[in-house]
Amino acid sequence: MPEWLNALPKAELHLHLEGSLEPELLFALAERNQIALPWADVETLRAAYAFNNLQEFLDLYYAGANVLRTEQDFYDLTWAYLQRCKAQNVIHVEPFFDPQTHTDRGIPFEVVLRGIQQALLDGEQQLGISHGLILSFLRHLPEEEAFKTLEQAMPFRDAFIGVGLDSSEKGFPPRLFERVFAKARSEGLHAVAHAGEEGPPEYIWEALDLLKIKRIDHGVRAIEDERLMQRIIDEQIPLTVCPLSNIKLCVFEHMGQHNILEMLERGVKVTVNSDDPAYFGGYVGENFAALHQHLGMTEAQAKRLAQNSLDARLV
Ligand SMILES: [Zn+2]
């Protein structure tokens with residue numbers, strides 16, 4: 001990666017902590033927790049990272065998350081991510097965590113949260129990286145389950161800044177979560193949601209109008225709807241775009257087709273993020289580098305993208 005790209009101060013606004021679990025750490029945690037893995041070694045696991053769509057990735061992602069058991073595991077996971085951020089001059093992070101991925105297999109909510117929170121606090125003190133944690137609901141589960149998760153989280157209200165919506169998009173439109181998002185907002189939490197990755201532009205409209213989100217995660221399919229494009233430009237609603245993820249999950253066939261720079265030039269507040277870097281081939285820096293290499297992103301464009309990420313912070 002060119003040094004000038006690495007040196008740009010950036011914020012990362014779309015990152016799933018569970019998706020930063022590198023195969024090496026996954027194997028180390030499996031050994032520590034005495035969990036048998038279906039893969040023989042790190043190389044076999046890495047070779048399985050070839051996906052045809054979002055669901056194929058999610059199946060592997062949930063299998064991987066199974067090695068996370070103790071507060072120390074969640075600390076180590078978060079700390080490893082923050083070290084990568086430090087190396088790439090990411091100065092602010094607003095990561096997601098998926099409590100339901102863990103509470104549904106018997107890990108107490110506070111075990112997950114305490115491990116993550118302590119690492120984020122240490123990251124602030126020792127690495128100078130500021131943060132705001134976002135609790136994300138799994139949309140393939142019913143809204144009732146999201147309500148339960150929000151209830152579990154409320155005693156720790158100060159540990160996070162907002163709620164998000166992730167997991168399988170198609171067939172699970174934002175409108176299914178209107179009530180739980182209203183409840184979260186009434187508690188003073190910010191709202192963001194994945195929309196318009198695999199799902200149609202209608203899902204982005206719903207996320208804006210019904211969930212009243214402040215930021216769209218992905219949103220690359222907005223470009224199919226001119227009225228929607230005009231709105232996100234007029235209102236300067238940020239999009240947290242994840243280029244390498246989009247290629248890995250076949251949202252675009254290859255990086256040369258990605259629309260992020262076209263959106264940037266049209267005045268959309270797009271940002272560059274890594275989504276699930278351990279699975280998709282790189283962190284924020286590698287995502288910037290891919291745009292430089294395959295789309296001819298200029299230094300001026302890179303600076304605007306980095307500045308957008310700092311402007312689009314929730315805290
Ligand atoms: Zn995501």
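The values are calculated or read from the model by the stated rules, or taken from the named source; none is laboratory data. Computed from a prediction, not measured in an experiment: that's the story for all the values here. Heads up, the Cβs are rebuilt from the backbone with ideal geometry, glycines too, and the neighbour counts pull from every protein chain shown. Keep in mind that these areas ignore ligands, DNA and RNA; they rest on the heavy atoms of the full protein, side chains included. Shrake-Rupley method; radii C 1.70, N 1.55, O 1.52, S 1.80 Å.
Quick notes
- Gyration tensor verdict on the stretch 92-187 (Cα atoms; rounded if a/c is under 1.5, prolate if a/b is larger than b/c, oblate otherwise): prolate
- Solvent exposure ordering (accessible area, 1.4 Å, most first) of LYS212, LYS269: LYS212, LYS269
- Spatial separation of Cα centroids for the stretch 149-191 and the stretch 208-256, in angstrom: 20 Å
- Placing unit charges on the Cβ atoms only, positive for Lys and Arg and negative for Asp and Glu, gives the stretch 58-132 a dipole magnitude near 160 debye about its Cα centre.
- Placing +1 on the Cβ of every Lys and Arg and -1 on the Cβ of every Asp and Glu, with nothing else charged, gives the stretch 160-302 a dipole about its Cα centre of roughly 440 debye.
- The relative contact order of the stretch 3-311, computed from alpha carbon pairs under 8 Å that lie at least 6 residues apart in sequence, is 21 percent.
- Pairs from LYS214/LYS269; LYS148/LYS269; LYS148/LYS212; LYS170/LYS212; LYS86/LYS212; LYS86/LYS183 whose Cα-Cα separation, in the structure shown, is over 24 Å: LYS148/LYS269; LYS86/LYS212; LYS86/LYS183
- Shape category assigned to the stretch 17-161 from the gyration tensor of Cα positions, a/c cut at 1.5: oblate
- Shape category assigned to the chain from the gyration tensor of Cα positions, a/c cut at 1.5: rounded
- Partners for LYS248 among aspartates and glutamates (Cα-Cα distance below 12 Å; same-chain residues under 8 apart left out): GLU56, ASP275, ASP276
- The residues of the stretch 3-311 present an accessible area of 38 Å² per residue when probed at 1.4 Å with all protein chains retained.
- Secondary-structure-derived ellipticity at 222 nm for the chain, considering helices only, amounts to -13500 deg cm²/dmol, per-run term -39500 (n - 2.57) for DSSP H runs with n ≥ 4.
- The portion of the accessible surface of the stretch 85-213 made up by carbon and sulfur, rounded to a whole percent, is 49 (1.4 Å probe; DNA, RNA and ligands excluded).
- Comparing mean-square fluctuations of PRO23, PRO38, PRO95 from a GNM of the chain with C-alpha springs under 10 Å, the top value falls on PRO38.
- Loop sites in the stretch 1-95: trypsin sites (Lys or Arg not before Pro), DSSP, at most 16 other Cβ within 10 Å: none
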